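Below you'll find the structure, written out as structure tokens, and then a few comments.
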Amino acid sequence: KKRGISSAKAMSPPAVLVSNGAVSPHAPPSAAAFLESTPGAYTTARASSTGLIFWWPRHLLRLTDSARLLAQSHPHLLGLPAPPPGTLSTAPIEPLVNQSVRVGVHEMRSRMLALGECCSGEDMALTALVRAGGAADGLEVCVHLGVYVPPVFGDAGARLVVAGSGREAAAAKYAPWARMRKSMEKMRPPGATELLLTNDGDHLLEGSVTNFFVVCRKEERQSNEPLSVQTMANKFEVQTAPLSDGVLPGIMRQIVIE
């Protein structure tokens, strides 16, 4: 297994960048570097080695919602000089995104298969971004693909620290946040694996790159009833900040709630 991992690192396929359905002939930067260099609404999904994209309809819906929200209230985060007249139509975005995703997944799978066993079974990380451009009502679609690397938050659990205030335009997911959160990263103490956001030092919102949940015991009256499987299940609940507090409507957040 170690030899396979070493081979995969040595022969890792280059990332793929697709713009409005066309594969870029140039080697793109990492997904993180790409996001730091551009405005735009985006979503990041995981795709299997067969090309199946997990929860893709939800990702696509959030991407179009984010683009519409930013165009109306924070156009600079989308790369627009001013809000467009009327409401941004997201109808032309979905087919253009899906087209670029199909082209990118096909290209990435071909490159991974060409490298043989070391990469043919690897999952893919997919980042789809919408920004100001020359298509789809003045918008451009970019899709970045690379090998999926699971995030590591520590073998004994995550180590958290409160290090910043809530995001501007929290209801949308936008690329400039990758650059904005760098100032918080400078305050990360040794050993901390995630930074939590709060506006008042009391109510926790979300992580800098994660959703945040607390599993806690419900407050209730004392009872002499013996604990059973059924009553134990009723003594705990999962809590997370409401969207009205100013948090991203994360896809995994909604799945956990459901």
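The values are calculated or read from the model by the stated rules, or taken from the named source; none is laboratory data. These numbers come from a predicted model, not from an experiment. Glycine also receives a Cβ, built like all others from the backbone with ideal geometry; neighbour counts cover every protein chain displayed. Only protein heavy atoms, including side chains, enter the accessible area calculation; ligands, DNA and RNA are left aside. Shrake-Rupley method; radii C 1.70, N 1.55, O 1.52, S 1.80 Å.
Could you list, ordered by first residue, the pairs with Cβ atoms under 8 Å in which the first is in segment 14-40 and in the same structural domain as residue 128 (by the TED database) and surrounded by fewer than 20 Cβ atoms within 10 Å (Cβ to Cβ) and the second is part of a loop (DSSP other than H, G, I, E, B) and of a type in the set (Ser, Thr, Tyr), at least 6 apart or interchain?
Hits for this filter: 29/37.
Report, by residue number, each residue of segment 222-258 that is modelled with pLDDT of 85 or more, over 13 Å from residue 205 (Cβ atoms) and of a type in the set (Asp, Glu).
Answer for segment 222-258, where residues must be modelled with pLDDT of 85 or more, over 13 Å from residue 205 (Cβ atoms) and of a type in the set (Asp, Glu): 237, 258.
Mind checking whether some residue in segment 86-93 is open to solvent by 20 Å² or more (accessible area, probe 1.4 Å), touching a Pro at 6+ places or on another chain (Cβ under 9 Å), outside the structural domain of residue 182 (by the TED database) and on the phi > 0 side of the Ramachandran plot?
No, because not a single residue in segment 86-93 is open to solvent by 20 Å² or more (accessible area, probe 1.4 Å), touching a Pro at 6+ places or on another chain (Cβ under 9 Å), outside the structural domain of residue 182 (by the TED database) and on the phi > 0 side of the Ramachandran plot.
Inside segment 166-190, can you point out the residues that are acidic (Asp, Glu) and closer than 28 Å to residue 141 by Cβ?
Scanning segment 166-190 gives a single hit, 168.
Check every one of the helices (runs of 4 or more DSSP H) wholly within segment 103-218 and list those with 2 or more residues that are outside the structural domain of residue 83 (by the TED database).
177-180, 182-185
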